[in-house]
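Please read the structure below before turning to the comments.
Where a number appears in this text, it was derived from the coordinates with a stated rule and is not lab data. Just so it is clear, the model here is predicted, and its values are computed rather than measured. Reconstructed Cβ throughout: ideal geometry from the backbone, glycine too, with neighbour counts over all protein chains shown.
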Amino acid sequence: MQLQSLILPLLIVLLAVPLFLQARKQKRAMAEQQKLQNSITAGDRVMTTSGVFGTVVSTSDDTIDIEIAPGTTTTWVRQAVREKVNTEAAEAPAVEAPAEETAAEETKVEDKTEATESAEKQKTS
């Protein structure tokens, strides 16, 4: 009889705890998004919820003007901004590409050296 009296409270706890944790997680995400949208200033590079990239030209309380191409400015609601785009991160892969090419060239040189050494060993044997 005692086991049956504990099942209902246990089920309530098992259902309530995940709901409570999910609500906290959602509140935290909403607060973070609101903080991002309030921190947008002119000159920031942003991406909208529709995937459009642009540079913020001017801001007001509810809207922002985004330059999506040279000479083309559109007006957006602040809530349409999904994230700020880090322009330094976009430049970093361009710098890393030559390093990858250099590594590939070094591997080719090492392979040729190994092939030459093995050929010399076969000649001396």
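Okay, here's what the table says:
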read-out: Number of positions in the stretch 31-74 that are among the hydroxyl-bearing types (Ser, Thr, Tyr), without any contact (Cβ under 8 Å) to a residue 24 or more places away in the chain and surrounded by 12 or more Cβ atoms within 10 Å (Cβ to Cβ); value: 6
read-out: Conditions (1) farther than 16 Å from Thr75 by Cβ; (2) surrounded by 12 or more Cβ atoms within 10 Å (Cβ to Cβ); (3) over 23 Å from the mean Cα position of the chain (by Cα); number of the one not met by Leu6; value: (2)
read-out: The stretch 38-59, residues that are of a type outside the set (A, V, I, L, M) and within 17 Å of the chain's Cα centre (by Cα); value: Asp44, Arg45, Thr48, Thr49, Ser50, Gly51, Phe53, Gly54
